[in-house]
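One structure is given here, and the rest of the page talks about it.
Only the coordinates and a few stated rules stand behind these numbers; no lab work does. Computed from a predicted model, the values in this text were never measured in an experiment. Note: ideal-geometry Cβ built from the backbone for every residue, glycine included; neighbour counts use all protein chains shown.
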Amino acid sequence: MNVAIIVWSETGKTMLLAEMARDKLTAAGHQVVLTRLQTTATFDAKHNLPEKDIKFSNLPDISNADRVVIGGPVWAFRPCATVKKAVSELGAQLKGKTVLIFVTHAFPWAWLTGTSSANTLRRMAADQGAKILPGVVLSGSQKKDQSKYPTAAEKICALLG
Ligand SMILES: Cc1cc2nc3c(=O)[nH]c(=O)nc-3n(C[C@H](O)[C@H](O)[C@H](O)COP(=O)(O)O)c2cc1C
């Protein structure tokens, strides 16, 4: 199947998980296009632009994708504005698509901002007419022990079917 993985990642944790999922999917024979979103104006922890001022220079065309995976970090107890903006910008392109949302976050437990952030994004994609798969949450993203990453990547691949 054709899989589009779209992430925004400031410090590389979300990207790391996306790369692991891509590699596993590719090894299983799927075609995967991974896009790390770039903003036209600087957006980071020091330049936390409101959603309306965020614009992407490389939002991909997902018309050929059988599965769409969208990932990003939790910021201040909710999904980072870039990821919300990406779901909004993809908009009608998500209609009828099977979509999996994943988030990475620093707190050690998914119930502490991870699950709620993933669910916010899942609801947004559902409102665009997407078929929503269960979300994947990687907690404790900044820990030195990165053993959770391959497990989360495996979960993403398994959920995509
Ligand atoms: C401004 C800011 C706010 C954050 N707020 C939260 C939060 O509310 N809960 C949490 O668990 N992690 C929070 N984090 C940590 C990030 O979610 C975590 O480090 C994430 O994995 C970073 O992903 P990235 O490397 O793809 O940018 C925050 C990070 C930043 C920079």
Residue-span extension gain [Trp111 to Asn2] - 0.36 nm each, minus C-alpha spacing = 36.1 nm
Spacing of the two label points (7 Å from each Cα toward its C-beta) at Lys46 and Gln31, in nm = 4.2
Nonlocal amide H pairs with Gly71, under 5 Å, H built at 1.01 Å | Ile6, Val7, Trp8, Phe102
Applying the gyration tensor rule to the Cα atoms of region 35-161 (axes a ≥ b ≥ c; rounded if a/c under 1.5, else prolate if a/b exceeds b/c, else oblate), the class is oblate
Taking the DSSP beta bridges in the chain as the whole, what percent of them are antiparallel, to the nearest 5?
-> 15
Please work out the FRET efficiency for the pair Thr11 and Ala92, using the Cβ-Cβ distance as r and a Förster radius of 45 Å; give the result to the nearest 0.05.
-> 0.90
Which of Asp23, Asp61 comes first, and how do the rest follow, when ranked by fewest Cβ neighbours within 10 Å?
-> Asp61, Asp23
Too-long pairs where the Cα-Cα distance tops 27 Å, listed order kept, from Lys24/Lys143; Lys55/Lys95; Lys97/Lys143; Lys46/Lys143; Lys84/Lys148 = Lys97/Lys143
Towards the positive end of the charge dipole of the chain, with charges on Cβ (+1 Lys, Arg; -1 Asp, Glu), say which of Ala28, Val137, Leu160 has the farthest Cα.
-> Val137
Please arrange Val69, Val32, Val3 by counting, for each residue, the other beta carbons lying within 10 Å of its beta carbon, fewest first.
-> Val32, Val3, Val69
Between beta-carbons, use under 15 Å as the cut-off and find the net charge around Ala76, counting Lys and Arg +1, Asp and Glu -1.
-> 0
Across region 131-144, in residue order, what do the Karplus-derived ³J(HN,Hα) couplings come to in whole Hz, using 6.51 cos²θ - 1.76 cosθ + 1.60 with θ = phi - 60° and x for Gly and Pro?
-> 8, 9, 8, x, x, 10, 10, 9, 9, x, 5, 8, 5, 4
Please report, in debye to the nearest 20, how large the charge dipole of the chain is about its Cα centre when each Lys and Arg carries +1 at its beta carbon and each Asp and Glu carries -1 there.
-> 240
